[in-house]
Structures are given as structure tokens and as C-alpha cells.
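Following: one structure in C-alpha cells, then a few remarks.
The values are calculated or read from the model by the stated rules, or taken from the named source; none is laboratory data. This one's a predicted model, so the numbers in the text were calculated from it and none came from an experiment. Glycine gets a Cβ as well: all are built from the backbone with ideal geometry, and neighbour counts include every protein chain shown. Remember, those area values only see protein heavy atoms, side chains included, never the ligands or the DNA or RNA. Shrake-Rupley method; radii C 1.70, N 1.55, O 1.52, S 1.80 Å.
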Amino acid sequence: MPVSLNMRMSMPSWFDIYGLNPDAEEDESGIKRASENIKALIDQEVKNGIPSHRIILGGFSQGGALSLYTALTTQQKLAGVVALSCWLPLRNSFPQASANSANKDMHLLQCHGDSDPLVPFVFGSQTAEKMKTLINPANISFKSYRGLPHSACPEEMVDVKRFIEKQLPPISDE
């Protein structure tokens with residue numbers, strides 16, 4: 001879709017981005033529409049027999065932002081969220097939107113490179129602090145990676161793998 005920040009050129013995107021500063025206007029309708037699409041995918045997985053408490057949302061950049069927003073606004077109880085190099089969109093609408101959140105006790109792994117020029121590290125750390133006011137702070141893990149720009153690294157992927165294995169242990173056949 002065309003993205004304002006990208007001179008309206010099309011790129012893979014969940015919603016429009018108008019700016020990268022904390023006071024930038026946000027594409028509220030686009031964020032909410034994308035979140036409803038994710039909620040529909042969750043509903044479909046539940047209909048297919050996957051209990052919602054065994055679903056982890058995750059993503060990088062916009063995908064991570066959307067995962068956080070969706071987890072805080074869905075009525076489905078989730079196993080957790082993996083949020084990489086991202087921020088909490090529409091953060092000023094919380095905690096009202098999450099007052100009755102089904103996911104107050106979900107687990108969150110949030111990762112961010114300390115050299116990210118696109119989504120500054122401070123956005124990630126501020127998001128982690130905000131999340132501590134919305135969900136159980138004991139269930140939040142914020143990890144930073146020295147020298148990492150707006151990308152992923154092997155160490156981060158190991159952390160993601162460990163998080164998923166911990167939150168979703170194998171189902172026994174007994």
C-alpha cells in the first residue's frame with residue numbers, strides 16, 4: 001500500500017505511517033482495520049481447533065506494533081506476543097481500551113536494537129514501560145541488542161525461540 005512516510009510509494013505495510021516522532025498523527029482507522037483482520041485470523045484458528053491460549057502473536061516493526069495493539073484489544077486469551085523493533089500504536093487510547101483486556105496476564109518478549117535509525121530504541125523502551133502499566137510487569141521481558149539497526153540478529157532469534165518454547169510447551173498425548 002502507499003505509505004505517507006515513504007513519499008506515498010507502495011511498500012509492504014499493515015497501515016499508513018505519517019511520521020516517526022512520538023507526536024506524529026497515527027492512521028487510527030488503518031491500525032484498527034488491520035487489527036480486526038488479525039482477530040479474524042485468530043478466530044479462524046480457534047474454529048480450526050487451536051485454543052487461543054496457544055496462539056502467540058508476533059511481528060517486526062509494524063507487525064510487532066500491530067501484534068501489541070491486537071493483543072491488548074482482543075477478547076481472545078492469547079499465550080503472548082513477540083514484538084520486535086516496534087512501538088505501541090494508539091498508545092494514548094490505553095489503558096481505556098485495555099481496561100477489560102483478556103490478556104492482562106499474557107507474556108511479552110519485546111526486542112530492540114540499540115542502533116535502530118527507523119524506530120528509535122527509546123520508542124521500544126518507552127513501549128516496554130507503558131506495557132508494564134497494561135499487563136502484568138512480571139511477564140514482560142525487554143531485550144536490547146548492541147549495535148543492531150532496524151533488523152534482526154541471530155541472538156534475537158534464539159531469544160524468540162526460547163520464548164516460544166517456554167510459552168507453548170508440547171501438548172502431551174496423555
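Compute the Rg/Rh shape ratio of segment 1-69: radius of gyration over Kirkwood radius, all on alpha-carbon atoms.
Taking Rh as the inverse mean 1/r over Cα pairs, Rg/Rh reads 1.05.
Could you work out how far helix 28-47 tilts from the main Cα principal axis of the chain, as a 0 to 90 degree angle to the nearest 10?
20 degrees
Can you work out the Karplus-derived ³J(HN,Hα) for every residue in segment 111-125? Use 6.51 cos²θ - 1.76 cosθ + 1.60 with θ = phi - 60°, whole Hz, and x for glycine or proline.
For segment 111-125, the Karplus curve yields 10, 7, x, 7, 10, 6, x, 8, 10, x, 3, 4, 4, x, 5 Hz.
Specify the angular offset, from 0 to 90 degrees and rounded to the nearest 10, of the alpha carbon long axis of helix 62-73 from the longest principal axis of the alpha carbons in the chain.
The helix 62-73 is inclined about 50 degrees to the chain.
Would you mind getting the accessible area per residue of the chain, heavy atoms of the protein chains only, 1.4 Å probe, in Å²?
Counting only protein heavy atoms, the per-residue value for the chain is 54 Å².
Please report the carbon-and-sulfur percent of the accessible area for segment 3-64; probe 1.4 Å, protein heavy atoms only, DNA, RNA and ligands left out.
Details: 2030 of 3780 Å².
Solvent-exposed carbon and sulfur of segment 3-64 make up 54 percent of the total.
With a 1.4 Å probe and all protein chains left in place, how much of the accessible area of segment 130-169 comes from carbon and sulfur atoms, in whole percent? Write down the numbers at each step before the final one.
Numbers: 1380 of 2480 Å².
Within segment 130-169, the accessible surface is 56 percent carbon and sulfur.
Roughly how big is the chain's charge dipole about its Cα centre, with Cβ charges of +1 (Lys, Arg) and -1 (Asp, Glu), in debye to the nearest 20? If you can, show how the numbers build up before the last one.
On the way: 16 positive and 19 negative charges, 47 e Å.
Roughly 220 debye for the chain.
If you take the alpha carbon radius of gyration of segment 48-170 and divide it by 2.2 N^0.38 Å, what ratio comes out, to two decimals?
Against the empirical 2.2 N^0.38 Å value, I get 1.00 for segment 48-170.
Can you give the accessible area of H150, probe radius 1.4 Å, in Å² rounded to 10?
So the heavy atoms of H150 present about 40 Å² to solvent.
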